[in-house]
Amino acid sequence: MAMKSTTKSQLATGKSSVAMYFNDISPGLSESQLRFRLIHFWEAKNIAKGGTLIGIELLLIDEQGTVMQGFISSYRAPTYRRHLKAGATYTLQNFYAATSKEIYRVADQSLTVSFSNGSVLSPLTTSLSLSLFPRQVQVPYT
């Protein structure tokens, strides 16, 4: 099942190729593929502006057990929100890595993975993919 939005973002079901680990990500736009388990996600709202949706915050873990923060802007949220499921595994092709804001950081990584115009999110459905990722993680709060 493939779905395209007007922003050219996609949700697709497909096979994964070689994936990059979170520790190997550099700041900026990347056409690489990430493979991760979605630990948790929540809506970020601006309470000073009547609860306006800023975006969806994500907590992700890769196969090496590295935890990273992710973000989907309010503009792209309708494309992805209904497909997100805590505990599910995904690949993300094409993304933007930006420096995490100190005040809102929920993971130790200095970068946040943001969904960009050409991002393609694909659920991993094989039983092997599910066994590659840690099931439980302790996240230190700072």
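No lab work stands behind these numbers, since they all come straight from the coordinates. What you see is a predicted model, and the numbers here were worked out from it, not measured in a lab. No Cβ is skipped: glycine too gets one built from the backbone with ideal geometry, and neighbour counts run over all protein chains shown.
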Quote the charge dipole size of the stretch 24-127 about the Cα centre in Debye, to the nearest 20; the model charges only the Cβ of Lys and Arg (+1) and of Asp and Glu (-1).
-> 460
All other residues with a Cβ under 13 Å from the Cβ of Leu92 taken together, and with Lys, Arg as +1 and Asp, Glu as -1, what is their net charge?
-> +1
Using 0.36 nm per residue, how much length does the chain from Ala98 to Ser26 gain when fully extended, once their Cα-Cα distance is taken away?
-> 25.1 nm
Residues Arg82, Arg76, sorted so that the one with the fewest Cβ neighbours within 10 Å comes first = Arg82, Arg76
So what's the convex hull volume per residue for the Cα atoms of the stretch 24-127, in Å³?
-> 105
May I ask you to compute the full-extension gain from Arg81 to Ser110, defined as 0.36 nm times their residue separation minus their alpha-carbon distance, rounded to one decimal in nm?
-> 8.0 nm
Based on the Cβ-Cβ distance of Ser73 and Asn46, what FRET efficiency does E = 1/(1 + (r/R0)^6) give at R0 = 22 Å, to the nearest 0.05?
-> 0.95
Among Phe115, Phe22, which comes first, then next, by fewest other beta-carbon atoms within 10 Å?
-> Phe22, Phe115
